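Report on one structure; see the data block that follows.
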Amino acid sequence: MTTSQPMTRAREPLAARGERPPRAGALSASMTFGWRALLKIKHSPNQLADALMLPVIFTLSFTYLVGGAIAGSPGRYLHFFLPGVMVMAVALTTAYTGIVLNQDIDQGVFDRVRSLPVWQSSVLVGAMLGDVVRYAVASVVPLLLGLALGFRPDGGPAGVVLALLFLQVFAFSLAWIGTFVGVSVRTPTAAQTLSWTLLFVLVVASNVMVPQQTMPGWLEALIKVNPISVVTTAMRGLMDGTVTAGQMGWAFLACAILVAVFAPLTMYRYGRARR
């Protein structure tokens, strides 16, 4: 009897300490999954290879292969093309958010996450927030290369900083397309193929590489409403110091439409997949 009483009293604080901790909020859970995405990049730095190589390849190849034919000289074409190649590099990089998410689903990580007492959509939002590093690399690399090749933005440092910040907003908005694809298809290969195809069509059918005024009227009308074209026009204005309120208004509207359309679709598909 003398030994059982102390043992009973010893168990009481353990039971108290075993109470379930409070449920994590939506913001806290999203930031946690965002940190997880950053750790994956840290442990697998090869994930940044495309974000590093694609901008370099695009900038050098287009500037020196077709720049003279389009603008008269590579230097003049670089001034026109560099803001567009920044948009193009970031746009293609956003596909990886959905691809990595689909890989998690394929490897069973999805089943573990859905059993946690957290806001279930935080895994989507967190993955997109964590990819901000990837988007930053994809946008800064062509800028640094362009400066080395002689690009001098007329908007000065302030215009460049504003352009980079706005590009992050656009990347977050456009990434919902890749995320929607990632939760909608069955395999990472299918997610990669479909995401790249959709984004490549958007990039090619835009004013990134050539002025839209040189195209047929019907094609110019389509390109004007392409979100890549709208954002590229705003980026050129910011970096040249000639941006107008109308250009920025249309650019922010394009971002809002992308989120309004694809975010609910992604949440819906994600919710159905959890069943």
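Condition first: in contact (Cβ under 8 Å) with a residue 60 or more places away in the chain, of a type outside the set (Phe, Trp, Tyr) and over 13 Å from residue 103 (Cβ atoms). Now tell me which residues in the range 182-202 satisfy that.
Within the range 182-202, 184, 199, 202 meet the criteria.
Looking for whichever is modelled with pLDDT under 90 and in a helix (DSSP H, G or I) here; the options are 192, 168. Which one fits? If you could, list the steps in order and put the result at the bottom.
Numbers: 168 fails: modelled with pLDDT under 90.
Every option except 192 fails the conditions.
When the residues of the range 73-110 are filtered to those that are in a loop (DSSP other than H, G, I, E, B) and under 25 Å from residue 160 (Cβ atoms), which remaining residue is least open to solvent (accessible area, probe 1.4 Å)?
Once the filter is applied, the top-ranked residue is 94.
Name, by its number, the condition in (1) open to solvent by 10 Å² or more (accessible area, probe 1.4 Å); (2) under 30 Å from residue 263 (Cα atoms); (3) at pLDDT below 90 that does not hold for residue 128.
(1)
Could you list, in sequence order, all residues of the range 179-203 that are closer than 18 Å to residue 139 by Cα and either in contact with a Phe, Trp or Tyr (Cβ under 7 Å, 6 or more places away or on another chain) or open to solvent by less than 10 Å² (accessible area, probe 1.4 Å) (or both)?
If the condition is that a residue be closer than 18 Å to residue 139 by Cα and either in contact with a Phe, Trp or Tyr (Cβ under 7 Å, 6 or more places away or on another chain) or open to solvent by less than 10 Å² (accessible area, probe 1.4 Å) (or both), then 199, 203 are the ones that fit.
The values are calculated or read from the model by the stated rules, or taken from the named source; none is laboratory data. Note that this is a predicted model, so its numbers are computed, not measured. Neighbour counts run over all protein chains shown; Cβ positions are idealised from the backbone, glycine included. Heavy atoms of the whole protein, side chains included, go into the accessibility calculation; ligands, DNA and RNA do not. Shrake-Rupley method; radii C 1.70, N 1.55, O 1.52, S 1.80 Å.
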